[in-house]
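Novice: Below is the structure I would like to discuss, written out as structure tokens.
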Amino acid sequence: MILSVNNINKSFSENIIVKNGSFFLNEYDKAALVGINGSGKTTLLRIIMGELTPDSGTVVISKDKEVGYLPQNAILDSDNTIYKEVMDVKAALLEDEKRLRDMESRMGDLSGKELDDLMSAYHTAYDKFERDGGNMIVSEVNGTLKGLDFPEEMWEQPVKTLSGGQKTRVALAKLLVSHPDIIILDEPTNHLDLDSIIWLENYLLNYKGTVLIVSHDRYFLDKITNKIIEVENGNCMTFDGNYSSYAVKKENLRIAALNAYINQQRDIEHQKEVISKLKSFNREKSIRRAESRQKMLDKMDVLDKPVEIDDKMQIILSPGTESGKDVLHVENLKKSFDSNKLFENISFDIKKGDHVALLGQNGTGKTTILKIINDLIPCDEGKIDIGANVHIGYYDQEHHVLHDDKTIFEEISDDYPEIRNVLAAFLFTGDDVFKQIKTLSGGEKGRVSLAKLMLSEANFLILDEPTNHLDITSKEILEDALNNYTGTVLYVSHDRYFINRTAHRIMDLSDKCITEYLGDYDYYIEKKAEIRPVTDSLVTNATSNSSSTANKGAEDYKAQKAMASAMKKTQKELDKIEKEIDSIETKIKELEAVLADPKNGSNTALLISSQKELDENNNKLEELMEKWEELQ
């Protein structure tokens with residue numbers, strides 16, 4: 001056991017954050033703290049790190065074990081360049097390397113015993129230097145910076161000139177190259193693009209130490225974790241396995257707890273009715289029996305009703321009207337900002353009912369495409385056609401569609417005066433509804449935008465990072481709402497779990513063009529690995545190469561769509577045959593029962609006709625089974 005949290009209690013004023021919270025981590029565990037926003041996850045991390053003092057309880061970390069901690073928004077204000085800031089973590093090893101170089105320079109000036117002593121000391125120091133990873137310093141720092149999306153041309157940039165997200169990534173790089181025994185990360189993927197998240201997954205998965213993470217990225221947690229610690233209503237409960245395994249176990253526990261509560265309530269009501277009936281007999285013996293039952297009832301350990309968190313935020317997305325079959329046509333779209341060419345010759349179509357995810361690295365122009373479609377910025381070249389009867393609902397991650405000077409109540413009721421109580425479904429109750437938009441956090445603005453979107457009755461939803469600032473429960477509610485939505489959806493997201501659950505088609509924006517994949521995120525990753533990427537030299541040779549790549553993507557998409565259609569048709573045939581097989585097997589059993597019934601022994605005509613019908617059904621069954629096997 002490398003870390004033990006024992007009976008931690010922590011309250012702020014009257015608000016109980018953690019009560020008797022306990023869990024432990026063994027060496028090499030990869031664990032996650034999960035729970036809704038405000039459940040106490042970050043509080044627990046700060047208690048472990050000694051930044052907060054618990055009201056009671058203890059945290060025990062194994063002797064001589066080093067802990068590295070990355071808070072959500074790490075504060076770095078250094079005059080160092082990015083490269084020097086990270087390389088300074090290796091200062092001790094760099095000093096060791098300097099001493100080794102000094103020894104090497106002295107060897108030519110010594111002989112005899114002095115040289116032998118120096119050589120012995122050198123070999124001892126070099127062996128330790130090598131064990132500590134001294135020979136890998138440069139490659140490790142370079143690889144970490146590149147993995148966390150710092151290209152070489154940025155390495156000499158001063159840390160103090162970076163954005164908040166970039167500073168957090170520098171802090172993460174410093175932590176990783178320091179190799180602590182326990183890594184503690186609070187929302188490490190918030191400022192990373194997909195490639196960097198995948199790099200971090202592989203790094204942590206192979207890390208020779210213990211990892212404790214707070215994250216809302218379920219795909220990330222699925223890849224890394226072997227233990228989930230849930231924080232709910234102040235309590236901590238540990239589950240072995242990754243996030244998906246936890247979700248199944250949690251749902252089973254929730255159902256079992258709810259059933260136990262319902263059964264106990266039913267039993268309590270039954271006992272009360274029996275007691276009342278016994279008392280109504282008004283006889284000494286029956287009254288004593290009623291009193292005995294009442295005592296047993298009073299001693300019963302009454303179960304609390306399980307908290308239904310999902311009930312707090314129900315999103316129902318319903319198109320007000322149906323759009324035409326053709327929802328969006330984009331043709332030869334091109335956009336540059338000054339000398340930075342984002343994309344060119346972008347063409348795609350979106351049909352009614354499509355759920356499409358637009359993916360790509362940061363800076364490739366995904367959000368720009370959404371803004372062009374919504375007529376917020378112009379394109380340089382190209383054409384965009386919105387289909388007949390299409391009504392767009394736009395979710396902007398920067399929330400430009402909100403008005404800073406309005407209160408939440410005004411923001412919603414001004415556009416949708418017929419629905420006043422919807423805000424409660426988005427956790428805005430009481431005086432909360434009179435907060436001004438400009439005073440809200442990013443997550444609160446996101447919920448206001450989602451509330452407006454829910455009421456808009458749009459039939460084409462365009463969403464830019466809709467899961468940012470949402471906790472896992474809220475993400476799952478949004479996923480369910482989108483999966484039940486009969487309209488059309490186009491969105492940009494880095495949340496791979498969300499994409500897997502909601503996208504039927506992926507558009508990958510890379511090399512300044514789009515390639516399409518018919519399927520979810522896992523299918524996209526599988527197919528992308530099979531497709532040879534276009535090299536930079538090919539892309540810059542001629543504009544036609546971008547077009548041919550786009551055309552190739554379109555051809556792949558058409559082929560995938562045709563295959564999906566054929567598989568759907570085959571599945572329908574299989575379903576039909578399986579129903580026929582069930583029907584015939586039932587008929588065969590009925591005929592066999594007729595033939596086996598002694599009462600029918602003298603009815604020759606019935607036996608002959610039944611046997612004939614049985615033979616026909618057996619032959620038909622054989623044919624169907626062969627056909628079924630062929631289709632399978």
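Novice: Hey, with R₀ at 30 Å, roughly what FRET efficiency would LEU621 and THR570 work out to, going by the Cβ-Cβ distance, to 0.05?
Specialist: 0.90
Novice: Another question about this same structure. Under 5 Å between amide H atoms, partner at least 5 residues away or on a different chain: which partners does VAL34 have, H built in plane at 1.01 Å?
Specialist: Close amide H contacts, sequence-distant or interchain: ILE229, GLU230, VAL231.
Novice: Going down the table (LYS475/LYS512; LYS341/LYS371; LYS41/LYS174; LYS527/LYS579; LYS65/LYS174; LYS208/LYS250), which pairs top 26 Å between alpha carbons?
Specialist: LYS475/LYS512; LYS527/LYS579; LYS208/LYS250
Novice: At 0.36 nm per residue, minus the direct Cα-Cα distance, what do SER178 and GLU251 gain on full extension? Give it in nm, one decimal, please.
Specialist: 22.4 nm
Novice: Using per-residue counts of other Cβ atoms within 10 Å, averaged over each peptide, order 439-446, 37-44, 294-301 from highest down.
Specialist: Packing proxy ranking, top to bottom: 37-44, 439-446, 294-301.
Novice: At a 10 angstrom cut-off on C-beta neighbours, averaged per residue, how do the peptides 258-268, 168-178, 215-225 rank from highest to lowest?
Specialist: Descending mean neighbour count gives 215-225, 168-178, 258-268.
Novice: In whole Hz, with x marking every Gly and Pro, tabulate ³J(HN,Hα) for segment 233-246 from phi via Karplus 6.51 cos²θ - 1.76 cosθ + 1.60, θ = phi - 60°.
Specialist: With coefficients 6.51, -1.76 and 1.60, one gets 6, x, 9, 10, 9, 9, 10, 7, x, 8, 5, 4, 5, 4 Hz.
Novice: Right, something else. Going by amide H atoms built from the backbone, whose H comes under 5 Å of the H on ARG505, apart from near neighbours?
Specialist: Amide H neighbours of ARG505, under 5 Å, 5+ apart: HIS355, ALA357, GLY519.
Novice: Give me the aspartates and glutamates in straight-line cross-link reach of LYS277: C-alpha distance below 16 Å, same-chain residues under 8 apart excluded.
Specialist: Reachable aspartates and glutamates: ASP267, GLU269, GLU291.
Novice: Ignoring solvent entirely, what values of log10 I(q)/I(0) come out of the Debye formula for segment 330-410 at 0.18, 0.21, 0.22 Å⁻¹ when each Cα is a single scatterer?
Specialist: -0.89, -1.12, -1.19
Novice: Which FRET efficiency value, to the nearest 0.05, is calculated for ASN73 and ASP404 with the Förster distance at 35 angstrom and r the Cβ-Cβ distance?
Specialist: With R0 = 35 Å, the Cβ-Cβ based efficiency is 0.95.
Novice: Taking only the alpha-carbon atoms of the chain, what semi-axes of the equivalent ellipsoid follow from 5 times the gyration tensor eigenvalues under a square root, in whole Å, largest first?
Specialist: Taking √(5λ) for each Cα gyration eigenvalue gives 52, 40, 33 Å.
Novice: Taking the radius of gyration and the Kirkwood hydrodynamic radius from Cα positions alone, what is the Rg/Rh ratio for segment 81-161, to two decimal places?
Specialist: 1.15
Novice: Please tell me the relative contact order of segment 247-307 in percent, rounded to the nearest whole number, where contacts are Cα pairs under 8 Å and at least six residues apart.
Specialist: Relative contact order here is 42 percent.
Novice: Can you tell me which aspartates and glutamates have their Cα less than 17 Å from the Cα of LYS19? Leave out same-chain residues fewer than eight positions away.
Specialist: ASP55, GLU230, GLU232, ASP304
Novice: Would you mind calculating the relative contact order of the chain from Cα pairs under 8 angstrom and at least 6 residues apart, reporting the percent as a whole number?
Specialist: After rounding, I find 12 percent.
Novice: log10 I(q)/I(0), Debye, Cα-only segment 22-74, no solvent, q = 0.27 Å⁻¹?
Specialist: Reported log10 I(q)/I(0), two decimals: -1.54.
Novice: Would you calculate the convex hull of the Cα atoms in segment 568-631 and tell me its volume per residue in Å³?
Specialist: So the per-residue Cα hull volume is 58 Å³.
Novice: Right, something else. Give me P(r) over segment 247-307, computed from all C-alpha to C-alpha distances, binned every 10 Å, as integer percentages.
Specialist: P(r) over segment 247-307, rounded to whole percents: 22, 36, 22, 13, 5, 1.
Novice: Within segment 81-161, what is the number of lysine pairs with alpha carbons under 15 Å apart, leaving out pairs fewer than eight places apart on the same chain?
Specialist: 5
Novice: Work out Dmax and Rg for segment 20-163 from the C-alpha atoms and quote the Rg first, both in angstrom.
Specialist: 21.9, 70
Novice: Given an 8 Å cut-off on Cα distances and at least 6 residues of separation, report the relative contact order of segment 81-161 as a percent.
Specialist: RCO, segment 81-161: 56 percent.
Novice: Starting from the Cα of THR53, step 7 Å along the direction of its Cβ; do the same at GLU95; then give the gap between the two resulting points in nm.
Specialist: So the label points at THR53 and GLU95 sit 3.4 nm apart.
Quick note: the coordinates plus some simple rules give every number you see, no bench work behind them. The structure displayed is predicted, hence computed values, not measured ones. Note that we place each Cβ from the backbone using ideal geometry, even for glycine, and neighbour counts take in every protein chain shown.
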